[in-house]
Amino acid sequence: METARYWTSQTLAEFARTPVDEVPRYVNGTSDEPFDTRYYTYEELPQIIRDSVYNASEEEVFGPYRESDSYKLARAQDVQMRPDSVRARHILLSLQAYGGNRQVITELADSLKGVIENGGDFNQLAMQYSADESNRAIGGDLGWFPEGQMVTEFNDACFENDQGDLVTAETMFGTHIIRIENQSRPVRKVQVATVVRHIFASDETNQDYYNRAVKFRGKATDLESFTEQAREFGLDPRFAPNITKDQQAIPGIEDPLQITKWAYTSEVGSVSNIFSQSDEKYIVAVLTDAKEEGYAPLESVRAEVTLAVKKEKKAEMLAESLRSQLAGVNDLNQFGTANNLNVGEATQVKFANTYVAGVGLEPYVVGASMYLPEEQISEPLVGESGVFVIEVTNRSEPAPAEGGSEAVRNQLKYSLESRSNFEAYNALLDAAKVEDNRLEIFYN
């Protein structure tokens, strides 16, 4: 610890003399952590430097100060007015799907971007082409997100362009076609250059912690004694529920495979030996529960079942209340005005896309809107996120696809071809009744 503090103290003067345009290079060559390109609001800055850095000049350096397991120096690098958060849609053209060929992806991205700029349906194209399974079914909608949540290239494309812009970004995942749907008002944000020196445990400290782990394990022989020893040592045990055989990550654990293998070969109540992690951690685990394959006992899922039943009953009550309130009503807008309620409007609702703008994924509501006659108020509809009463105000036939039936045929062909290898692989696994026993043999 003293070594890290002394190093940052000696580095302060040199960091302060570094010209602004050289600071990123200096940080990348000197610090234990790379230069952070993100811009922060006042509230997002670490409290310890917030008041000092937010209104500071570019030459002022603050520190050394300790934060977590590091000593740091900080200086304001740049100030901009930027949105606090952004709502965007994207189409991801995956590198994996195209064999890592950037040129092919770039050409396809340019083509799709041109189609969208000429009136093409972004939602439909996202459902056909995007490799991001988490939002493809809802037209690539990512919802609202703050700065710093996405990878740098994607983040900058969203926060450095304007609402309504259609832009592309290259990331480690592939090429993204991004439409910026909305942005919050611009606020003052600061980019901070930080020089970091991590505090590493000495050999003596490391040995001391290992000795404590040995002492702990020696007295912890079952769940009860494990809990007792944790209390005596002043430790707060962490819980990792529902670990699956093929789970690749457990929060707070760098290498979970050894622990997973132990858990799947031990009895409930067993205490593990000491697991050593490369980040100088020692872990002792206890197996608190194991769920057998098949239907879960009622008691283990009682809370989830209770919540689902409550949700269903609440929906029934809301539907009945709406049914009585709307009896005799023939205009939803007039009803909303008379009762000081906001009646929303959803446009471009399509059977092929069960996403309703401003609401979310609502397949039942979208399906009902397809057959409900115009100017007729529906019965209360129980959806995914609430109970809805809708009225279809206008209905139009879909425009013929650009390029006619041949274009549609090609799109479907491409979509099916892109899925064929994946589906065929899984079909072979199922037909051959392949069992994944890698966990059992990995450490043999």
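The values are calculated or read from the model by the stated rules, or taken from the named source; none is laboratory data. These numbers were taken from a predicted model, which means no experiment stands behind them. Neighbour counts run over all protein chains shown; Cβ positions are idealised from the backbone, glycine included.
Annotations for the structure displayed:
- Boolean, S276 is in a loop (DSSP other than H, G, I, E, B) and modelled with pLDDT of 85 or more: no
- For segment 2-25, residues that are surrounded by 17 or more Cβ atoms within 10 Å (Cβ to Cβ), of a type in the set (S, T, Y) and in contact (Cβ under 8 Å) with a residue 12 or more places away in the chain total 2.
- Considered as a group, the residues in segment 219-239 that are assigned to a helix (DSSP H, G or I) and in contact with a helix residue (DSSP H, G or I) (Cβ under 9 Å, 6 or more places away or on another chain) include one that is farthest from T288 (Cα to Cα), and that residue is E232.
- Candidates are the residues of segment 12-27 that are of a type outside the set (A, V, I, L, M) and within 37 Å of the chain's Cα centre (by Cα); the one that is nearest to G63 (Cα to Cα) is F15.
- Boolean, D78 is at pLDDT 90 or above and either of a type in the set (D, E) or exposed (fewer than 15 other Cβ atoms within 10 Å of the Cβ) (or both): yes
- Counting only strands (runs of 3 or more DSSP E) that fall entirely inside segment 72-177 and contain at least 1 residues that are touching a helix residue (DSSP H, G or I) at 6+ places or on another chain (Cβ under 7 Å) and closer than 30 Å to E43 by Cα, the qualifying elements are 85-94, 166-171.
- A single member of I259, I243 is in contact with a helix residue (DSSP H, G or I) (Cβ under 9 Å, 6 or more places away or on another chain) and either surrounded by 14 or more Cβ atoms within 10 Å (Cβ to Cβ) or among the small types (G, A, S) (or both), and it is I243.
- Output for segment 117-144, where each listed residue is among the hydrophobic types (A, V, I, L, M, F, W, C) and surrounded by fewer than 16 Cβ atoms within 10 Å (Cβ to Cβ): W144
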